[in-house]
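The values are calculated or read from the model by the stated rules, or taken from the named source; none is laboratory data. A quick note: this is a predicted structure, and the numbers were derived from the prediction, not measured. For neighbour counting, all protein chains shown are included, and Cβ atoms are generated from backbone atoms with ideal geometry for every residue, glycine included.
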Ligand SMILES: [Zn+2]
Ligand SMILES: [Zn+2]
């Protein structure tokens with residue numbers, strides 16, 4: 001009521017009086033405090049002052065978009081900024097050119113299957129630092145492969161692509177048959193890839209060294225094996241179903257025959273044609 005009254009009369013004296021009255025009832029108005037929010041870049045809870053207290057990132061839409069543009073599947077390990085988002089390959093290359101990423105820098109990305117690796121051992125990254133990730137021979141940063149060991153320097157540039165390996169059930173998870181179906185193809189003699197799935201960091205560089213063409217082929221092979229095995233399982237299941245149906249048919253037919261034989265015996269042993277036709281109907 002008092003508020004609408006004040007609105008109608010823009011007299012400052014009345015307004016002051018009303019305010020004093022309201023203050024007497026409700027107490028002093030609270031001094032506004034800055035709302036706090038979660039920083040979209042580092043996750044710290046910080047006052048909403050337009051800029052993060054921890055990482056100094058700005059919250060305006062343009063800054064958000066600029067950060068979004070640089071985000072990607074490459075993460076650079078840095079304990080000073082442990083919650084920084086991952087970056088795109090283009091951003092990583094820029095950081096290398098700026099000297100912010102060196103050979104000893106620990107990072108992870110699509111070519112390491114997201115396992116932490118030193119930059120100088122990371123396919124597609126080490127060459128940007130002037131060395132082959134596999135044999136450490138000096139190479140040109142823009143080379144496509146190593147002139148010494150022929151390791152490929154090709155790298156996935158799609159910023160949405162994490163580069164993860166296929167998920168496989170572990171021992172103790174799921175049925176043994178399923179495990180067997182999904183198992184890594186067993187150590188094929190002559191194929192030095194036995195350790196690649198169990199000790200990925202140690203093996204990642206030599207395994208990749210044989211060229212990017214090696215890994216997809218073995219993946220393709222294993223998928224083929226799984227598909228073959230699944231087809232076999234389906235075939236066995238269908239055959240079992242078929243056999244079960246056959247068994248039921250045999251049981252029904254044999255019981256019909258025995259009932260028929262019984263009725264014949266009953267008919268033969270005596271009474272009359274009437275009972276015979278009745279039993280015959282019953283049989284059918
Ligand atoms: Zn922040
Ligand atoms: Zn090499």
- request: Working only within segment 39-74, note down all residues that are within 28 Å of the chain's Cα centre (by Cα), more than 12 Å from ligand 1 (Cβ to nearest atom), surrounded by fewer than 18 Cβ atoms within 10 Å (Cβ to Cβ) and not in a helix (DSSP H, G or I).
  value: 71
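Taking the condition part of a helix (DSSP H, G or I) and in contact (Cβ under 8 Å) with a residue 60 or more places away in the chain, does residue 90 pass?
Working: part of a helix (DSSP H, G or I): yes; in contact (Cβ under 8 Å) with a residue 60 or more places away in the chain: yes.
Here the answer is yes, as residue 90 does meet what is asked.
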query: For residue 101, all conditions in the list (1) in contact with a helix residue (DSSP H, G or I) (Cβ under 8 Å, 6 or more places away or on another chain); (2) surrounded by fewer than 14 Cβ atoms within 10 Å (Cβ to Cβ) hold save one; what is the number of the exception?
result: (2)
task: Check residue 166 against each of (1) at pLDDT below 95; (2) closer than 16 Å to residue 74 by Cα; (3) surrounded by fewer than 18 Cβ atoms within 10 Å (Cβ to Cβ) and name the one condition it does not meet.
output: (2)
query: Before we move on, is residue 128 assigned to a helix (DSSP H, G or I) and either under 20 Å from residue 83 (Cα atoms) or touching a helix residue (DSSP H, G or I) at 6+ places or on another chain (Cβ under 8 Å) (or both)?
result: yes
message: With farther than 26 Å from residue 82 by Cα and either surrounded by 13 or more Cβ atoms within 10 Å (Cβ to Cβ) or more than 10 Å from ligand 2 (Cβ to nearest atom) (or both) as the only criterion, which of 150, 156 stands out?
response: 150
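Hey, can you tell me all the residues within segment 131-140 that are assigned to a loop (DSSP other than H, G, I, E, B) and either closer than 18 Å to residue 107 by Cα or within 8 Å of ligand 2 (Cβ to nearest atom) (or both)? Walk me through it before giving the result.
Just the residues of segment 131-140 that are assigned to a loop (DSSP other than H, G, I, E, B), to begin with: 132-137, 139-140.
Selection gives 132, 133, 134, 135, 136, 137, 139.
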- prompt: Does residue 66 satisfy being closer than 19 Å to residue 158 by Cα and touching a helix residue (DSSP H, G or I) at 6+ places or on another chain (Cβ under 8 Å)?
  reply: no
